[in-house]
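The values are calculated or read from the model by the stated rules, or taken from the named source; none is laboratory data. This structure is a prediction, so every number in the text was calculated from the model and none was measured. So basically every Cβ, Gly included, is an ideal-geometry build from the backbone, and we count neighbours across all protein chains shown. With ligands, DNA and RNA removed, areas are computed over all heavy atoms of the protein, side chains included. Shrake-Rupley method; radii C 1.70, N 1.55, O 1.52, S 1.80 Å.
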Amino acid sequence: QVQLVESGGGLVQAGGSLRLSCAASGRTFSTYGMGWFRQAPGQDREFVATISWRGGRTNYGDSVKGRFSISRDNAKNTIFLQMGSLKPEDTAVYYCATARGPFSDITNYVSVGYWGQGTQVTVSS
């Protein structure tokens with residue numbers, strides 16, 4: 001199985017920044033597209049960002065475009081989400097995810113194969 005461990009969440013004031021990290025197990029990490037999703041209480045899980053397994057393509061949800069940036073470091077089996085200009089509506093549990101299998105990307109919610117346990121991000125006004 002693939003194991004994902006998120007870190008970097010916490011409490012931040014509106015307008016501030018945080019960087020989330022997701023460390024993945026396995027030496028096949030570099031062949032999986034990766035992404036971030038988030039979920040607020042009582043809400044559906046929302047797409048935030050994805051990065052292709054080749055690393056050359058990224059996609060962002062409309063609500064975070066221009067503020068968040070996803071990246072990956074295959075040598076460290078890690079992906080990152082740099083979050084800036086944070087707003088109270090960004091408050092959620094943020095989940096790291098992989099594509100369903102190697103040599104593929106996350107294209108929608110159902111194409112996710114593995115989930116991390118999530119890390120809480122709280123943005124105060």
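Observations on the structure shown:
- Rg in Å to one decimal, and Dmax rounded to a whole Å, for the range 6-105 via C-alpha atoms: 13.2, 38
- Within the chain, percent of DSSP bridges classed antiparallel, to nearest 5: 90 percent
- All C-alpha pair distances within the range 70-125, sorted into 10 Å bins from zero, spread as 19, 45, 30, 6, 0 percent across the bins.
- Shown for the range 1-118: the carbon plus sulfur share of the solvent-accessible area, taken with all protein chains present and a 1.4 angstrom probe, equals 46%.
- Full-stretch length increase - A75, T31 - with 0.36 nm per residue and alpha-carbon distance subtracted: 14.6 nm
- Taking 7 Å steps out from each Cα toward its Cβ at T58 and N108 produces label points 2.5 nm apart.
- Cβ-placed point charges (K, R +1; D, E -1), dipole of the chain about Cα centre in debye, nearest 20: 340 debye
- Listed peptides 25-31, 68-74 appear in the order 68-74, 25-31 once ranked by packing, highest mean of other Cβ atoms within 10 Å at the front.
- Annotation for W115 and S17: the two label points, set 7 Å from Cα along the Cα-Cβ direction, are 3.0 nm apart.
- Accessible area expressed per residue, the chain, with surrounding protein chains retained (probe 1.4 Å, Å²): 52 Å²
- Leading residue at positive end of dipole, the range 1-73 (Cβ point charges), from S7, W53, S17: W53
- Considering only G113, F37, T91, the residue lying farthest towards the positive end of the dipole of the chain is G113, judged by Cα position with unit charges set on Cβ.
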